[in-house]
Amino acid sequence: MRDDQYLFIPLLFQKTMINLYGEKGQAWLENLPSLIEHLSHRHHLQNLTIVDNLSYNLVLKGWQDTTPIVLKIGLDKKALHQEATTLKAFASHGAISLLSHEDGSLILEQAIPGTSLKSFFPHDDRQAIEITWATMQKLYHAKIGGEKFPHIADWLHLLQTYKVVSKNQDLWAHQMRASRLADKLLSTMQQAVLLHGDLHHDNILYHQGKWLAIDPKGVIGEPAYEVAAFIRNPLSHLYTHANFERLINERILLFSRLLQIPAQRIQEWCYVQSILCWMWALEDEENTAPYQQLVNFCTQLIMASS
């Protein structure tokens, strides 16, 4: 291995992978240097460096011959395959280009300069929303073809199956309410398209004069479902903002006008998704306070609209 940085995997990322996958995660981490070396030789990759803010995949930037690329490696091979399939569907429709993929890894076009929509927060939230809306319009022209994508109903099934421990009675009550509300929203959904599935500030980057989506999940649903991820982000900054409630409300109203969707429908999807995020945060032993804050505010909005 010619580059020592391959061997320095951030400790927090190592901890995340071991917590998620146990011994399998440990073995995968130990094999990473040789895997990166193999992929580098196979695909002519060089000058790879690990990016900041890793989540559940190892992400490196570098070059493939003279082309700037991103190498993404993960243990969840099914999720990476789904991302590759979605990027193929989104090709030429507002998403970053997939250059190649194989079992457990993706090679992607690198966004240059790669500025994210987070740079607009909070001073120009309106422009960030308009860019997101324009990106959605491009993505939704994608042809699904014969590929099979999950439906948002599959994701929402957790509302019916999640077991809340006795000390989380507040979450239990919200879960039951969100489950009924999700059933209503699903039964009245009219426009079904291929959604990005996680379209927020960090997943829309500036690339050579245009804004492109990255890291799609790929799920069938309606645009009103899609915007909830943007509305609750950037998570670490939004919930400490002095005008948190005003920002959330203004976002809902602007998306409602741009997409010509009733504001109450967006409010209800925001509420349902916030319950899901609360559950996932509990499972991952993360801070649930931001999601509880959003749940409470969305509850107020829905009650006021009823």
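The values are calculated or read from the model by the stated rules, or taken from the named source; none is laboratory data. Not measured: the values here are computed from a predicted model. Cβ sites come from the backbone with ideal geometry, for glycine too, and all protein chains shown count toward neighbours. Heads up: the accessible areas ignore ligands, DNA and RNA and are worked out on the full protein's heavy atoms, side chains in. Shrake-Rupley method; radii C 1.70, N 1.55, O 1.52, S 1.80 Å.
At 7 Å along Cα-to-Cβ for each site, give me the label-to-label distance between residue 67 and residue 188 in nm.
With each label placed 7 Å out from Cα toward Cβ, I get 4.6 nm.
Treating the angle as unsigned and between 0 and 90°, give the value, to the nearest 10°, between the Cα long axis of helix 23-43 and the longest Cα principal axis of the chain.
Helix 23-43 sits roughly 60 degrees off the main axis of the chain.
Taking a probe of 1.4 Å, how large is the accessible area per residue of the stretch 150-251, in Å²?
On the way: 4620 Å² over 102 residues.
On a per-residue basis, the stretch 150-251 sits at 45 Å².
Hey, what angle do you get for helix 169-187 against the long axis of the chain, alpha-carbon based, 0 to 90 degrees rounded to 10?
Between helix and principal axis, roughly 90 degrees.
So, in nm, how far is label residue 125 from label residue 35 when the simple model puts each one 7 Å beyond its Cα toward the Cβ?
3.9 nm
Is the stretch 206-306 rounded, prolate or oblate when judged by the Cα gyration tensor, a ≥ b ≥ c being the square roots of its eigenvalues, rounded requiring a/c under 1.5 and prolate requiring a/b larger than b/c?
Rounded.
Take the alpha-carbon centre of the stretch 84-138, take the same for the stretch 176-255, and report the distance between them in whole Å.
Between the Cα centres of the stretch 84-138 and the stretch 176-255 lies a distance of 14 Å.
Can you give the accessible area of residue 55, probe radius 1.4 Å, in Å² rounded to 10?
Approximately 70 Å² of residue 55 is accessible to the 1.4 Å probe.
Taking the chain as the reference, fit the longest principal axis to its C-alpha atoms, fit the long axis of helix 11-21 to the helix C-alpha atoms, and give the angle between the two in degrees, 0 to 90, nearest 10.
70 degrees
Express the accessible area of the stretch 79-130 per residue in Å², computed with a 1.4 Å probe while the remaining protein chains stay in the model.
On a per-residue basis, 43 Å².
Measure off, as a whole percent, the carbon and sulfur share of the 1.4 Å-probe accessible area of the stretch 1-85, all protein chains present.
51 percent
Could you pull the Rg and Dmax for the stretch 141-286, using just the Cα atoms, both in Å?
My reading of the Cα-based Rg and Dmax gives 16.0, 52 Å.
Measure of size requested: the Rg and Dmax of the chain, with Cα atoms as the atom set and Å as the unit; please supply both.
Using the Cα atoms of the chain, the pair Rg, Dmax is 19.9, 63 Å.
Per Stokes-Einstein, at 10 °C and 1.306 mPa s, what whole-number D in µm² s⁻¹ belongs to the stretch 60-166, with the Kirkwood radius over Cα pairs as the hydrodynamic radius?
For these conditions, the coefficient is 96 µm²/s.
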